[in-house]
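Trainee: Here you go, one structure.
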Amino acid sequence: MVGVALFNRRWWKTTLLVFVAVLVMVRLGIWQLDRLDQRRAFNARVKAQMEQPPLELTATTLRLNLSQMEYREVIVKGEYDFNSEVALRNQVWNNLYGVHLLTPLRIDGSDWYVLVDRGWIPGEDFNSGDWSKYREEGQVTVHGVIRASQTKPDFGGRTDPTLVPGEKALKAWHLVNVERIGEQVPYPLLPIYIQQLPDSSWVGPPYRSQPEIELSEGPHLGYAIQWFTFAIILGLGYPLFVHRNERMINLREFVHKIA
């Protein structure tokens with residue numbers, strides 16, 4: 001019988017390996033289904049926020065759970081603090097290297113500030129250290145999108161060095177880590193930042209941009225089906241392989257006895 005043969009002296013080690021392999025493939029399939037559920041939940045959350053009317057960020061609405069409103073449009077009025085302005089490294093505009101300017105904005109009617117990604121400037125201007133020509137003085141109205149603070153880099157990305165008390169503040173960052181950037185400013189920052197949206201009346205740098213959002217379900221369902229298929233093929237094919245080989249071995253032994 002095949003079941004007995006799977007665990008005889010010739011096959012038990014291979015059977016064990018195949019059993020473990022099937023379990024791993026099934027687990028990978030389940031993991032991909034979990035990833036699919038997470039992706040669908042993310043898509044639904046983003047679509048729900050994008051369908052909301054723009055939020056006016058005022059002293060009253062500051063009390064809302066803004067961290068759960070990523071990708072909702074927002075309008076805020078205030079004045080920038082250019083003394084605490086920093087740059088986000090490695091940003092590209094029309095295949096040109098540069099940075100994004102991250103500037104704290106004091107929200108009208110409150111003591112709170114919010115970090116605003118004002119857009120892209122060329123790398124040579126960033127390297128010069130003088131960004132004053134990109135200042136927007138006085139009262140401004142920012143129309144943008146709420147973005148979540150970045151705490152971990154993408155795969156292969158770089159993290160920022162740990163701030164050391166007494167050392168000079170960092171002027172350029174790899175991540176928009178609002179909490180860490182807030183450690184070097186003398187006032188409270190909201191836990192989110194605002195990515196300023198393009199405006200037809202704004203023609204020069206800093207160049208604003210739309211958030212890059214992918215709302216597809218990705219390849220997770222296809223990968224799950226693939227892993228489950230591999231598990232079925234191996235789980236069903238291996239016993240047939242053993243059965244065939246056992247028959248051939250038994251046939252050779254029979255021929256050898258009668259020869």
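The values are calculated or read from the model by the stated rules, or taken from the named source; none is laboratory data. As the structure is a computational prediction, the values presented were derived from the model and not from experiment. Methodologically, a virtual Cβ is constructed for each residue, glycine included, from the backbone with ideal geometry; neighbour enumeration extends over all protein chains shown. What goes into the accessible areas is simple: the full protein's heavy atoms, side chains included, and nothing from ligands, DNA or RNA. Shrake-Rupley method; radii C 1.70, N 1.55, O 1.52, S 1.80 Å.
Trainee: Would you kindly state how much longer the chain becomes between Asn43 and Ile213 on full extension, computed as 0.36 nm times their sequence separation minus their alpha carbon distance, in nm to one decimal?
Mentor: 60.3 nm
Trainee: Ignoring ligands, DNA and RNA, what accessible area per residue does the chain give at 1.4 Å, in Å²?
Mentor: That works out to 63 Å² for each residue.
Trainee: Put one equal scatterer on each alpha carbon of region 1-90, apply the Debye formula with no solvent term, and list log10 I(q)/I(0) at q = 0.12, 0.14, 0.18, 0.25 1/Å to two decimals.
Mentor: So the normalised log intensities work out to -0.68, -0.78, -0.98, -1.17.
Trainee: While we're here: So what are the ³J(HN,Hα) numbers for region 46-62, from phi and the Karplus equation (6.51, -1.76, 1.60; θ = phi - 60°), rounded to whole Hz, Gly and Pro as x?
Mentor: For region 46-62, the Karplus curve yields 5, 4, 4, 6, 5, 7, 6, x, x, 8, 7, 7, 10, 4, 7, 6, 4 Hz.
Trainee: Follow-up question, since we're still on this one. Below 29 Å Cα-Cα, how many Lys pairs turn up in the chain? Only count pairs eight or more apart in sequence, or on different chains, if you could.
Mentor: 9
Trainee: What's the extension gain from Ser67 to Asp34 if we count 0.36 nm per residue and subtract their Cα-Cα distance?
Mentor: 9.5 nm
Trainee: Okay, moving on. By how many nm would the segment from Leu240 to Ser132 lengthen if fully extended, with 0.36 nm per residue of separation less the alpha-carbon distance? Display every interim value, and only then the final one.
Mentor: On the way: separation 108, 0.36 × 108 = 38.88 nm, distance 7.48 nm.
Length gained between Leu240 and Ser132: 31.4 nm.
Trainee: Would you be so kind as to identify which of Pro198, Tyr113, Leu236 lies farthest towards the positive end of the dipole of the chain, taking Lys and Arg as +1 and Asp and Glu as -1 on Cβ and the Cα centre as origin?
Mentor: Result: Leu236.
Trainee: What is the sum of charges around Glu179, taking Lys and Arg as +1, Asp and Glu as -1, for the other residues whose C-beta is under 13 Å from the C-beta of Glu179?
Mentor: In short, 0.
Trainee: Turning to a different aspect of this structure: I'd like to compare 19-32, 172-185: which one has the highest average count of other Cβ atoms within 10 Å, and what's the full order after that?
Mentor: Going by the mean number of other Cβ atoms within 10 Å, highest first, we get 172-185, 19-32.
Trainee: Which value results for Rg/Rh of the chain when Rg is the Cα radius of gyration and Rh the Kirkwood radius based on the inverse mean 1/r? Don't jump to the answer; show the numbers that get you there.
Mentor: On the way: Rg = 29.3 Å, Rh = 22.9 Å.
So for the chain, dividing Rg by the Kirkwood Rh gives 1.28.
Trainee: Over the Cα atoms, compute the radius of gyration (one decimal) and Dmax (the largest Cα-Cα distance, rounded to a whole number) for region 109-161, in Å.
Mentor: Calculated on Cα positions, Rg and Dmax stand at 14.9, 42 Å.
Trainee: Turning to a different aspect of this structure: I need the calculated FRET efficiency for the pair Asp154 and Lys13, taking r as the beta carbon distance and R₀ as 41 Å, to the nearest 0.05.
Mentor: On the way: r = 41 Å, r/R0 = 1.01.
Here the calculated transfer efficiency is 0.50.
Trainee: If you don't mind, another one. What does the helix-only formula give at 222 nm for the chain: each DSSP H stretch with n ≥ 4 adding -39500 (n - 2.57), the total divided by the residues, and the result rounded to the nearest 500 deg cm²/dmol?
Mentor: -12000 deg cm²/dmol
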